[in-house]
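A.B. asks: Would you mind keeping the following structure in view while I ask a few things?
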Amino acid sequence: MPELKLKTLFSAEEIERQVVRLGQEINRDYQDREIILVGILKGSFLFIADLCRQLQGPLTIDFMRLASYGSETQSSGIIELRKDLEVSIRGKHVLVVEDIIDSGLTLQSLLHRLQERQPASLKVCALIDKRARREVSLEADYIGITMDDGFIVGYGLDYDERYRNLPGIFLAEPFE
Ligand SMILES: O=P(O)(O)OC[C@H]1O[C@H](OP(=O)(O)OP(=O)(O)O)[C@H](O)[C@@H]1O
Ligand code: HPA
Ligand SMILES: [Mg+2]
């Protein structure tokens with residue numbers, strides 16, 4: 001695979017500022033209500049690790065693994081469930097933690113699956129909201145950073161499984 005040419009879009013410091021702000025908003029809204037944080041693997045692993053350390057109320061953490069991009073830069077449209085939750089969410093306050101909402105297809109499939117399990121509430125926190133390629137009209141309840149089009153990597157986001165470990169978020173220039 002050729003090396004991508006990367007341009008800094010959001011620094012680690014900017015991401016940290018947004019994670020702290022999101023934590024404050026979530027703390028204010030949930031107060032002492034217990035949350036089940038649902039991280040969507042793999043992309044959200046760094047975001048949920050940082051976000052959960054900003055949260056002050058009682059919470060538990062579980063993960064789902066959904067995938068549709070593989071080695072492409074556009075959604076295949078087929079949202080594959082590779083790992084389900086291990087806990088029941090019935091009657092619980094669920095907060096989904098996503099790294100990015102792009103076409104919206106992953107979130108649409110996810111919310112459909114989770115709503116059927118009758119949680120007390122179901123909200124979404126997304127670090128990145130990329131609106132240019134949205135195919136379904138969905139909004140997150142908590143949004144870190146909004147951006148225009150362009151394929152990004154870093155802070156959990158990959159291209160063909162690489163670059164997830166970068167501390168900031170970068171624009172992959174060949175895909176602009
Ligand atoms: O709004 P969408 O167009 O559906 O895109 C968003 C989803 O795509 C990516 O997952 P991916 O399929 O790449 O799996 P990964 O998290 O394991 O990288 C990303 O982590 C989101 O879950
Ligand atoms: O821009 C992106 N980068 C990495 N993964 C993604 N999944 C949806 N959009 C993106
Ligand atoms: Mg991916």
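A.B. asks: Would you check if Gly23 is in a strand (DSSP E or B), at negative phi and surrounded by 14 or more Cβ atoms within 10 Å (Cβ to Cβ)?
C.D. replies: no
A.B. asks: Another question about this same structure. Among the strands (runs of 3 or more DSSP E) contained in region 73-157, which hold 1 or more residues that are surrounded by fewer than 16 Cβ atoms within 10 Å (Cβ to Cβ), modelled with pLDDT of 95 or more and within 14 Å of the chain's Cα centre (by Cα)?
C.D. replies: 142-147
A.B. asks: Given Gln24, Gln56, Gln31, Gln18, which one is modelled with pLDDT of 95 or more and touching a helix residue (DSSP H, G or I) at 6+ places or on another chain (Cβ under 6 Å)?
C.D. replies: Only one candidate passes the filter, namely Gln56.
A.B. asks: Taking Ser109 and the conditions (1) on the phi > 0 side of the Ramachandran plot; (2) within 16 Å of ligand 3 (Cβ to nearest atom), which numbered condition does it fall short on, given that it satisfies the others?
C.D. replies: Failing condition for Ser109: (1).
A.B. asks: Identify all residues within region 36-53 that are surrounded by 15 or more Cβ atoms within 10 Å (Cβ to Cβ) and in a loop (DSSP other than H, G, I, E, B); write none if there are none.
C.D. replies: Matches in region 36-53: Lys42, Gly43, Ser44.
A.B. asks: Let me ask something additional. Out of Tyr163, Tyr142, Tyr155, I need the residue that is touching a Pro at 6+ places or on another chain (Cβ under 7 Å) and either more than 23 Å from Lys5 (Cβ to Cβ) or not small (Gly, Ala, Ser) (or both). Which one?
C.D. replies: Checking each option against the conditions leaves just Tyr155.
A.B. asks: If I filter region 158-176 down to residues being in a loop (DSSP other than H, G, I, E, B) and within 11 Å of ligand 1 (Cβ to nearest atom), which single residue comes out as surrounded by the fewest Cβ atoms within 10 Å (Cβ to Cβ)?
C.D. replies: Ranking the qualifying residues of region 158-176, first place goes to Glu161.
The values are calculated or read from the model by the stated rules, or taken from the named source; none is laboratory data. All values reported here derive from a predicted model rather than from experimental measurement. Cβ sites come from the backbone with ideal geometry, for glycine too, and all protein chains shown count toward neighbours.
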